[in-house]
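Derivation of every value follows stated rules applied to the coordinates shown; laboratory data play no part. Computed from a prediction, not measured in an experiment: that's the story for all the values here. We place every Cβ from the backbone using ideal geometry, glycine too, and count neighbours over all the protein chains shown.
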Amino acid sequence: MQVLLRDEEERALALLLESQKAQERVAIQALVTINKTSLQARSTQVQTSLTKQAEKMKNFAGNTLPSDLEGGFKGRAADAAKDYLFAVPQPDSTSPIK
Amino acid sequence: MTPSDIAYLNKRARIYMASSKDLRIADGGAGNIPYGKVLVVEGTQGFNNPIGDHDTQFSKIKGNGLNIDLYIKNNKFCSGMTYDQVVKVAKAKAKKAKTMSFDPHSWFDSTDYQTYVDEYVKTYGAFASENPANQKLKEFDVDIKYVKGELKSATGGKAISLRSDLVKAVAQKASLQVEVYVSEVKQLVDNEKTVLESHIQAVRQQAYSLGRHLSAWEIEGLLSNFSMSSCWDTNIEATILTELAAYQEKLVVFSEKVSAAADKIVVIDKENAQLFQ
């Protein structure tokens, strides 16, 4: 009878432990999910800032500098400088946060 | 107030407030001031303290703004600091937090300077732009505008030397601006990476304290989705850096070629003049 009781007790404890573990797993999964989601939002923000900056850089090379240069060079030199500047590519602006 | 009154205040009013924002919170409105340029300084004006309360000497003002240098000297934050200034003060704060203190308010202060940098933006607003380079860039712009104005009416030898000046100024502007752009992007990426690292670290600690009955390997398994390698794409980071370098290279070459050409403009004109002597 006593042996049986101890068995029962152990089984109950094991069950309790299992259910505690299950709860902890769910809690950690939720923690990860929430943080993963907030990271997505952050990534979008970073993406926006990087894109803005890359556009600024492209605009600087392709528009600002050529218009600054106007009057400085004449003829072919002016055209060549403009073509060169216009061909400067816009840098990549993908967010490294996944 | 009419919208134009508010616009007037937004443009002219300098409102100095303490980072605790307690005076404003006591007045209602969650400590926000809806008009003017709000300048926040670290500390409390002493709510519940009749001596310090509403003390107009609390903010250290120099000219039409805060005496930022004084705040840096005392390792305190205030609005209008540049990123580098904020990092300097933040590091001093983190260092101070590492030493023992009998002041219970400081016992939970972070020893990671990044925490303070992140807090800065929330409480004191955005970083100020880096002054020296931007100042210099503005000067180039003024020069370029001036030379262009002069060029309109100049003729002969004068026009030639003005053209050379213009081209030189554009070359200098290009190389400096590119430096600024590139370092801004690098700073942004670096900053994001550091923030992410400490964020992941914090989540790990939370996970371990939540999972007291779980084995370490099981917790690691649950966290595998939230590690540096699963949240930060090093390939993309590398691509950004490579493309930045390519951009910089293109414009540095431009700047060099163009300043060489600026010298030639004058030389060729002189040589051509000698043909007739």
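Residues whose amide H falls under 5 Å from that of B:Leu39, counting only those 5 or more places apart or on a different chain, are B:Ile15, B:Tyr16, B:Met17, with hydrogens built in the peptide plane.
Each 10 Å bin, from zero up to the one with the longest distance, holds this percent of the alpha carbon pairs of segment A:2-86: 14, 18, 13, 12, 11, 9, 8, 7, 5, 3, 1.
For segment B:131-274, the Stokes-Einstein estimate of translational diffusion at 25 °C and a viscosity of 0.890 mPa s comes to 125 µm²/s, using the Kirkwood hydrodynamic radius over alpha-carbon pairs.
Tell me, rounded to the nearest percent, the portion of alpha carbon pairs in segment A:38-98 spaced more than 17 Å apart. Beyond 17 Å sits 51 percent of the P(r) for segment A:38-98. Taking only alpha carbon atoms, segment B:152-215 gives an Rg to Rh ratio of 1.62, where Rh is the Kirkwood radius.
In a reduced charge model with +1 at each Lys and Arg Cβ and -1 at each Asp and Glu Cβ, chain A shows a dipole moment near 460 debye about its Cα centre. Residue-wise HN-Hα couplings along segment A:72-82, as the Karplus relation 6.51 cos²θ - 1.76 cosθ + 1.60 with θ = phi - 60° gives them from phi, are x, 9, 10, x, 5, 4, 4, 5, 5, 4, 4 Hz; Gly and Pro carry x.
For B:Trp232, the residues whose amide H sits under 5 Å from its own are A:Lys98, ignoring neighbours fewer than 5 places away on the same chain, with H placed 1.01 Å from N.
Relative to the longest principal axis of the Cα atoms of chain A, the long axis of helix A:2-59 lies at roughly 10 degrees.
Based on C-alpha pairs under 8 angstrom that are at least 6 apart in sequence, segment B:131-274 has a relative contact order of 39 percent.
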